[in-house]
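Beneath this line is the structure, given in structure tokens, with notes to follow.
The values are calculated or read from the model by the stated rules, or taken from the named source; none is laboratory data. Being a predicted model, the structure only gives us computed values, none of them experimental. Counting neighbours? That spans all protein chains shown, and the Cβs are built from the backbone with ideal geometry, glycine included.
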Amino acid sequence: MGIITVATTPPPDLHDLDDDGDDAVRRHAEADESSRASRHWWDRNADEYQDEHGEFLGDDRFTWCPEGLDEADARLLGEVAGRSVLEIGAGAAQCSRWLLRRDARPVAMDISYRQLQHSRRIDLARGTPPVPVVQADAAVLPFADGSFDLACSAYGAVPFSADTAALMREVHRVLRPGGRWVFSVTHPIRWAFPDEPGVEGLTAVASYFDRTPYVEEDDQGRATYVEHHRTVGDRVRELVGAGFRLLDLVEPEWPEGHEQEWGGWSPLRGRLIPGTAIFVTERD
């Protein structure tokens, strides 16, 4: 199966310049601009991302976060066998591949064509049936009402969407009654701190309540990367407004013996302040 194209996870680092030489600013960014920037950024950086994090992610591991909390242990989705699952912001579909091995019926969706090519690469190298993949924007899901039993996202799509209230409504629409929607994001409190793994990342330097997007832009002012911030309260209100019931808010603790850094995630910071928030919800 090829990639069906329908349309078209690190917290902000507030330095003057990013690694590509683009200016880093805080400014408003509309939905179309955010979507376009995400698609291009992930297409451009997918190879490097998979090279750097592929060993940690594995080919068929379902991990929710850099802290290493796995669905095999957490079971936040509940029973998955025989259930249709939409993975949003799937990257190379590692989570969907794990679900497939447990007799679920996953569909892996991502805005980046290049990320989904990596999914196909993994399937070909393993000689296993390909994970069904779809290229699309999470804010406009290309599926009929009530198409899925479950939906999940491990650091995918949600932080990059300008209108996450609309995204939540879309997920609600494609889920069947009683279906779970579970997603992980950078813990909102991290927006107040520099994205640094060392001691410099332990002092709050910005307002937690400032929702102004983080934007990297080229020399013509065009956004090349956009990330949006919401407080914990914002997320809860979006979910409830969309028709979800919050079952749990998981804040994984940094496990003993886990010494691997990932961007701003590190043993030092992880043992003092939360790095990930996982929202476990159920559709009405």
Options A139, A108; residue that is surrounded by 24 or more Cβ atoms within 10 Å (Cβ to Cβ), closer than 26 Å to E48 by Cβ and among the aliphatic types (A, V, I, L, M):
A108
For D219: the one exception among (1) at pLDDT below 95; (2) buried (at least 20 other Cβ atoms within 10 Å of the Cβ)
(2)
Which of the numbered conditions does D22 fail, given that it passes all the others? Conditions: (1) over 10 Å from T224 (Cα atoms); (2) surrounded by 13 or more Cβ atoms within 10 Å (Cβ to Cβ); (3) at pLDDT below 95.
(1)
Select, from I88, I122, the only residue that is crowded, with 20+ Cβ neighbours inside 10 Å, touching a helix residue (DSSP H, G or I) at 6+ places or on another chain (Cβ under 8 Å) and more than 23 Å from L175 (Cα to Cα).
I122
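Looking for something of a type outside the set (G, A, S), out of contact with any Ser or Thr (no Cβ under 9 Å at 6 or more places or on another chain) and not in a loop (DSSP other than H, G, I, E, B) - is there at least one such residue anywhere in the range 124-137? Reasoning before the result, please.
Here is the first cut: in the range 124-137, the residues of a type outside the set (G, A, S) are 124, 126, 128-135, 137.
Checking the rest, the ones that are also out of contact with any Ser or Thr (no Cβ under 9 Å at 6 or more places or on another chain) come to 124, 126, 128-129.
Still in the running and not in a loop (DSSP other than H, G, I, E, B): 124, 126.
The answer is yes, given that some residue of the range 124-137 is of a type outside the set (G, A, S), out of contact with any Ser or Thr (no Cβ under 9 Å at 6 or more places or on another chain) and not in a loop (DSSP other than H, G, I, E, B).
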Does any residue of the range 227-236 turn out to be under 19 Å from P274 (Cα atoms) and basic (K, R)?
yes
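With respect to V131, is the statement that it is buried (at least 24 other Cβ atoms within 10 Å of the Cβ), at pLDDT 95 or above and out of contact with any Phe, Trp or Tyr (no Cβ under 9 Å at 6 or more places or on another chain) true? Walk me through it before giving the result.
On the way: buried (at least 24 other Cβ atoms within 10 Å of the Cβ): yes; at pLDDT 95 or above: yes; out of contact with any Phe, Trp or Tyr (no Cβ under 9 Å at 6 or more places or on another chain): yes.
So V131 fits the description; yes.
Table: residues versus (1) touching a helix residue (DSSP H, G or I) at 6+ places or on another chain (Cβ under 8 Å); (2) at pLDDT 95 or above; (3) of a type outside the set (A, V, I, L, M); (4) surrounded by 13 or more Cβ atoms within 10 Å (Cβ to Cβ).
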site	(1), (2), (3), (4)
T224	yes, yes, yes, yes
R230	yes, yes, yes, yes
V240	no, yes, no, yes
F244	yes, yes, yes, yes
V250	yes, yes, no, yes
W262	yes, no, yes, yes
R269	yes, yes, yes, yes
P274	yes, yes, yes, yes
V280	no, yes, no, yes
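Can A204 be described as touching a helix residue (DSSP H, G or I) at 6+ places or on another chain (Cβ under 6 Å) and not polar (S, T, N, Q)? Explain how you work it out, then say what you get.
On the way: touching a helix residue (DSSP H, G or I) at 6+ places or on another chain (Cβ under 6 Å): yes; not polar (S, T, N, Q): yes.
Spelling it out, A204 is indeed touching a helix residue (DSSP H, G or I) at 6+ places or on another chain (Cβ under 6 Å) and not polar (S, T, N, Q).
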Which of the numbered conditions does P252 fail, given that it passes all the others? Conditions: (1) more than 23 Å from G270 (Cα to Cα); (2) of a type outside the set (D, E, K, R); (3) under 20 Å from the mean Cα position of the chain (by Cα); (4) in a loop (DSSP other than H, G, I, E, B).
(1)
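Quickly run through the range 89-124 and pick out the residues that are hydroxyl-bearing (S, T, Y) and more than 20 Å from F56 (Cβ to Cβ). Write out each step before concluding.
The first filter runs over the range 89-124 and keeps only residues hydroxyl-bearing (S, T, Y), leaving 96, 112-113, 119.
Once the filter is applied, which keeps residues that are hydroxyl-bearing (S, T, Y) and more than 20 Å from F56 (Cβ to Cβ), the range 89-124 yields only Y113.
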Lone qualifier among D163, D195 - being among the charged types (D, E, K, R) and in contact with a Pro (Cβ under 6 Å, 6 or more places away or on another chain)
D195
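Tally the residues that are in a helix (DSSP H, G or I) and either in contact with a His (Cβ under 8 Å, 6 or more places away or on another chain) or exposed (fewer than 12 other Cβ atoms within 10 Å of the Cβ) (or both), restricting the search to the range 196-211. Reasoning before the result, please.
If we filter the range 196-211 for residues that are in a helix (DSSP H, G or I), which is where we start, we get 199-202.
If we keep only those that are either in contact with a His (Cβ under 8 Å, 6 or more places away or on another chain) or exposed (fewer than 12 other Cβ atoms within 10 Å of the Cβ) (or both) too, we end up with 199-200.
Of the residues in the range 196-211, 2 are in a helix (DSSP H, G or I) and either in contact with a His (Cβ under 8 Å, 6 or more places away or on another chain) or exposed (fewer than 12 other Cβ atoms within 10 Å of the Cβ) (or both).
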How about the range 55-94: which of its residues are assigned to a loop (DSSP other than H, G, I, E, B), under 15 Å from I122 (Cα atoms) and more than 16 Å from the chain's Cα centre (by Cα)?
G58, D59, D60
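Residues being part of a strand (DSSP E or B) and either at pLDDT below 95 or of a type in the set (D, E) (or both): count how many of those fall in the range 138-162.
Residues of the range 138-162 part of a strand (DSSP E or B): 148-154.
Okay, now just the ones that are also either at pLDDT below 95 or of a type in the set (D, E) (or both), so 149.
Going through the range 138-162 one residue at a time, the tally reaches 1.
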Being under 16 Å from E67 (Cα atoms) and either surrounded by fewer than 20 Cβ atoms within 10 Å (Cβ to Cβ) or of a type outside the set (G, A, S) (or both) is the filter; apply it to the range 154-188 and report the residue that is farthest from the chain's Cα centre (by Cα).
P188
